[in-house]
Amino acid sequence: MARTSARPTIALPSVDLLLREQACVTLIGRFGRAPVVEAVRDALAARRAALRGSAAERTPTVHDLIQDAAGRLAEQAAPSLRRVFNLTGTVLHTNLGRALLPREAIDAMALVAADASNLEYDLETGRRGDRDAHLERALCRLTGAEAATVVNNNAAAVLLVLNTLAARKEVPTSRGELIEIGGEFRLPDIMARAGCRLREVGTTNRTHLADFAAAIGPRTGLVMKVHTSNYVIQGFTASAPEGELARLCRERNVPFVVDLGSGTLVDLRAFGLPYEPTARETIAHGADLVTFSGDKLLGGPQAGIIVGRGDLVALIKRNPLKRALRVDKMRVAALAAVLALAADPDRLRERLPTLRALTRPQGEIRRTAERVSAALAPALRGMAAVGVVECESEIGSGAAPSQHVASVAVAVTPLAAKARGGALKRIAAAFRALPVPVIGRVQQDAYLLDCRCLEDAAVESFIAQLGSLDPAGTRSR
Ligand SMILES: *Cc1c(COP(=O)(O)O)cnc(C)c1O
């Protein structure tokens, strides 16, 4: 072995000796022998390297070494995927997991997770069944469609529809609808991957029925309409009405497909929310297929739902890609439970967390904000001012992008006007460092905690952890 040490080798306790210590025996009981042996070895190696590196380094005791090992074990055991408080004001936040599932869906998932189920097994005939069978009837009833199938997410639904009906063919689509949705979902790219040729129709702001009429020909696989879910084109605009476009497609014998994105099953206006087209309306307008997400306004698990004409859905189910894009049993269970709730719109508001959050009365949000504000003031130790302010929440995930819902937030404002940007960053970091991380948003000069998604049942635990807030960042490593 090469001698690199600046001072004589220091004898540290052996791995075996450390493992016989009672503290290590306790760690083995908790984490298992192999991880503890590894952690002890790593702790010894790190201390040895530190001793070699600096003559000032103190020789660790047995206690130090076991503490080091315990720290390593705790770090490894900590899950990476954690619960957080979503106080961003965006109810369906893609980066924070979108829709929260209702109790009914969680129970249904647990049931099939723990036990065998008839996922693809026909209990009447004893033969192989179809996993869509658990969802299809409800989806048809809720949307008025003939048939339905479900895949991994809406991006997969669009890919599968395009690949099934329009591979090596043209897909006329309005130039105003060539969307990109957060990062990787860009319609032209999906079309290319599906093997289709995008045929751009019209202009960015105006597309007429006649533009589609001129674009449809023998090479057309389907006509695609995309709900411009995360932007609005305003001013001198025109688009071909859905019903007329559907009629044109029927005359020319090409399927008319609508990607609704955040498809809702219920009319949101009945709940005082901005209008979003429903899957039922789109089918009624004559769309041959409609695709939408399971975890946006539907309020269910991640899924891509395809509803529409029976013959087209049958073709889609026969595409080998369907197998690669299918949903697992837990999502079938959760989605079935959410669809069962959607059948009863009168009670949907109280049962579906997404709808509950979106329709929460501003007065109730204000009461929550006031409780949080009162508890937060001492926790900030005079480093920032706290107040209750009105703000606007967003639905998120590309629903009603231009419209907001009135809400109330706790505003944390750094006291010094100088270097406010840095202070806001430190405040945001302090909230993220809480035991259950809190995610707010910076707006102008304040860090806002929009209390819309902080339900009454969670306020107490939210407030309880504010005691460990470290606004100055002094306790950070
Ligand atoms: C969100 C969205 C998608 C992608 O859906 P995922 O379920 O996130 O895969 C596709 N199209 C539109 C219009 C959307 O809004």
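Would you confirm whether any residue within segment 458-466 is in contact (Cβ under 8 Å) with a residue 40 or more places away in the chain, closer than 24 Å to Glu350 by Cβ and either open to solvent by 30 Å² or more (accessible area, probe 1.4 Å) or of a type outside the set (Gly, Ala, Ser) (or both)? Step through it out loud before you land on a result.
As a first pass, look at segment 458-466 and keep what is in contact (Cβ under 8 Å) with a residue 40 or more places away in the chain: 458-459, 462-463, 466.
Now drop any that are not closer than 24 Å to Glu350 by Cβ, which leaves 458-459, 462.
From the residues that got through so far, the ones that are either open to solvent by 30 Å² or more (accessible area, probe 1.4 Å) or of a type outside the set (Gly, Ala, Ser) (or both) too are 459, 462.
Yes; the residues of segment 458-466 include at least one that is in contact (Cβ under 8 Å) with a residue 40 or more places away in the chain, closer than 24 Å to Glu350 by Cβ and either open to solvent by 30 Å² or more (accessible area, probe 1.4 Å) or of a type outside the set (Gly, Ala, Ser) (or both).
For segment 362-397, enumerate the residues that are farther than 17 Å from Gly440 by Cα and either hydrophobic (A, V, I, L, M, F, W, C) or at pLDDT 95 or above (or both).
Gln362, Gly363, Glu364, Arg367, Ala374, Met383
Counting just the residues of segment 348-383 that are touching a helix residue (DSSP H, G or I) at 6+ places or on another chain (Cβ under 9 Å) and among the basic types (Lys, Arg), which one comes out least open to solvent (accessible area, probe 1.4 Å)?
My answer is Arg360.
So in segment 126-137, with the set limited to residues that are open to solvent by less than 30 Å² (accessible area, probe 1.4 Å) and in a loop (DSSP other than H, G, I, E, B), which one is farthest from the ligand (Cβ to nearest atom)? Steps first, please.
Within segment 126-137, the first condition is being open to solvent by less than 30 Å² (accessible area, probe 1.4 Å), and the residues that meet it are 129, 131-132, 135.
Of the ones still in play, those that are also in a loop (DSSP other than H, G, I, E, B) are 129, 131-132.
On the way: Gly129: 26, Arg131: 18, Asp132: 17 Å.
The selected residue is Gly129.
Quick one: Tyr275 ticks every box in (1) part of a loop (DSSP other than H, G, I, E, B); (2) surrounded by 20 or more Cβ atoms within 10 Å (Cβ to Cβ) except a single one, so which number is it?
The one condition Tyr275 does not meet is (2).
Hey, any hits in segment 184-192 for a residue that's open to solvent by 10 Å² or more (accessible area, probe 1.4 Å) and away from the ligand (no atom under 16 Å from the Cβ)?
Quick first cut of segment 184-192, residues open to solvent by 10 Å² or more (accessible area, probe 1.4 Å) only: 184-186, 188-190, 192.
Now drop any that are not away from the ligand (no atom under 16 Å from the Cβ), which leaves none.
Checked against the condition, which is being open to solvent by 10 Å² or more (accessible area, probe 1.4 Å) and away from the ligand (no atom under 16 Å from the Cβ), segment 184-192 yields no hits at all.
Could you list, in sequence order, all residues of segment 89-125 that are open to solvent by less than 40 Å² (accessible area, probe 1.4 Å) and small (Gly, Ala, Ser)?
Gly89, Ala99, Ala105, Ala108
Select from segment 199-210 the residues that are open to solvent by 50 Å² or more (accessible area, probe 1.4 Å) and touching a strand residue (DSSP E or B) at 6+ places or on another chain (Cβ under 7 Å) and write down the one among them that is farthest from the ligand (Cβ to nearest atom).
If we take residues in segment 199-210 being open to solvent by 50 Å² or more (accessible area, probe 1.4 Å) and touching a strand residue (DSSP E or B) at 6+ places or on another chain (Cβ under 7 Å), then His208 is farthest from the ligand (Cβ to nearest atom).
Across segment 289-342, what is the number of residues that are open to solvent by 10 Å² or more (accessible area, probe 1.4 Å), under 16 Å from Asn163 (Cα atoms) and not in a helix (DSSP H, G or I)?
So the count comes out to 2.
Can you name the condition, by its number, that Gly300 falls short on among (1) away from the ligand (no atom under 15 Å from the Cβ); (2) under 21 Å from the mean Cα position of the chain (by Cα)?
The failed condition is (1).
Mind checking which residues of segment 416-454 are free of Cβ contacts under 8 Å to residues at least 12 places away in the same chain and either in contact with a helix residue (DSSP H, G or I) (Cβ under 9 Å, 6 or more places away or on another chain) or open to solvent by less than 60 Å² (accessible area, probe 1.4 Å) (or both)?
Result: Ala416, Gly421, Gly422.
Based on this model, can you work out whether Leu81 counts as modelled with pLDDT of 95 or more and surrounded by 14 or more Cβ atoms within 10 Å (Cβ to Cβ)? Break it down into steps so the answer makes sense when it comes.
Working: modelled with pLDDT of 95 or more: yes; surrounded by 14 or more Cβ atoms within 10 Å (Cβ to Cβ): no.
It is false that Leu81 is modelled with pLDDT of 95 or more and surrounded by 14 or more Cβ atoms within 10 Å (Cβ to Cβ).
Residues that are within 17 Å of Leu297 (Cβ to Cβ) and open to solvent by 30 Å² or more (accessible area, probe 1.4 Å): does segment 67-74 have at least one? Give the steps one after another, and end with the answer.
Here is the first cut: in segment 67-74, the residues within 17 Å of Leu297 (Cβ to Cβ) are none.
No: segment 67-74 contains no residue that is within 17 Å of Leu297 (Cβ to Cβ) and open to solvent by 30 Å² or more (accessible area, probe 1.4 Å).
Just one of (1) over 24 Å from the mean Cα position of the chain (by Cα); (2) within 16 Å of the ligand (Cβ to nearest atom) trips up Val290, so point out which.
Against the list (1) over 24 Å from the mean Cα position of the chain (by Cα); (2) within 16 Å of the ligand (Cβ to nearest atom), Val290 comes up short only on (1).
Open to solvent by less than 10 Å² (accessible area, probe 1.4 Å), closer than 18 Å to Glu394 by Cα and within 16 Å of the ligand (Cβ to nearest atom): is that true of Thr264 in this structure?
Numbers: open to solvent by less than 10 Å² (accessible area, probe 1.4 Å): yes; closer than 18 Å to Glu394 by Cα: yes; within 16 Å of the ligand (Cβ to nearest atom): yes.
Considered against the rule, which asks whether it is open to solvent by less than 10 Å² (accessible area, probe 1.4 Å), closer than 18 Å to Glu394 by Cα and within 16 Å of the ligand (Cβ to nearest atom), Thr264 comes out as yes.
Only one residue in Gln67, Gln76 is part of a helix (DSSP H, G or I), under 30 Å from Ala39 (Cα atoms) and modelled with pLDDT under 95. Which one? Even if it seems obvious, please write down each step before you answer.
Details: Gln67 fails: modelled with pLDDT under 95.
Just a single option satisfies the conditions, and that option is Gln76.
Give the residue that is nearest to the chain's Cα centre (by Cα), with candidates limited to residues of segment 138-154 that are over 17 Å from Thr264 (Cα atoms) and away from the ligand (no atom under 16 Å from the Cβ).
Residue satisfying both the conditions and the ranking: Ala147.
If I go through segment 99-118 residue by residue, how many of them are within 26 Å of the chain's Cα centre (by Cα) and either over 13 Å from Leu335 (Cβ atoms) or of a type in the set (Lys, Arg) (or both)? Steps first, answer last, please.
Step one: of segment 99-118, the residues within 26 Å of the chain's Cα centre (by Cα) are 99-114.
After this cut, where a residue has to be either over 13 Å from Leu335 (Cβ atoms) or of a type in the set (Lys, Arg) (or both) as well, the list is 100, 103, 107, 110-111, 113-114.
So the count comes out to 7.
Filter segment 401-410 for residues that are of a type outside the set (Val, Ile, Thr) and crowded, with 22+ Cβ neighbours inside 10 Å; which is nearest to Leu265 (Cα to Cα)?
Ser407
Mind checking whether some residue in segment 222-229 is within 16 Å of the ligand (Cβ to nearest atom) and surrounded by fewer than 20 Cβ atoms within 10 Å (Cβ to Cβ)?
Looking for residues that are within 16 Å of the ligand (Cβ to nearest atom) and surrounded by fewer than 20 Cβ atoms within 10 Å (Cβ to Cβ), one finds at least one in segment 222-229, hence yes.
Please count how many residues of segment 35-53 are closer than 13 Å to Gly71 by Cα and among the β-branched types (Val, Ile, Thr).
Here the count works out to 2.
Ala246 - would you say it is modelled with pLDDT of 95 or more and either under 21 Å from Pro277 (Cα atoms) or assigned to a loop (DSSP other than H, G, I, E, B) (or both)? Can you show your working first?
Numbers: modelled with pLDDT of 95 or more: yes; either under 21 Å from Pro277 (Cα atoms) or assigned to a loop (DSSP other than H, G, I, E, B) (or both): yes.
Considered against the rule, which asks whether it is modelled with pLDDT of 95 or more and either under 21 Å from Pro277 (Cα atoms) or assigned to a loop (DSSP other than H, G, I, E, B) (or both), Ala246 comes out as yes.
The values are calculated or read from the model by the stated rules, or taken from the named source; none is laboratory data. Just so you know, these numbers come straight off a predicted model, no measurement behind them. Here Cβ is always computed from backbone atoms with ideal geometry, including for glycine, and neighbour counts include all displayed protein chains. With ligands, DNA and RNA removed, areas are computed over all heavy atoms of the protein, side chains included. Shrake-Rupley method; radii C 1.70, N 1.55, O 1.52, S 1.80 Å.
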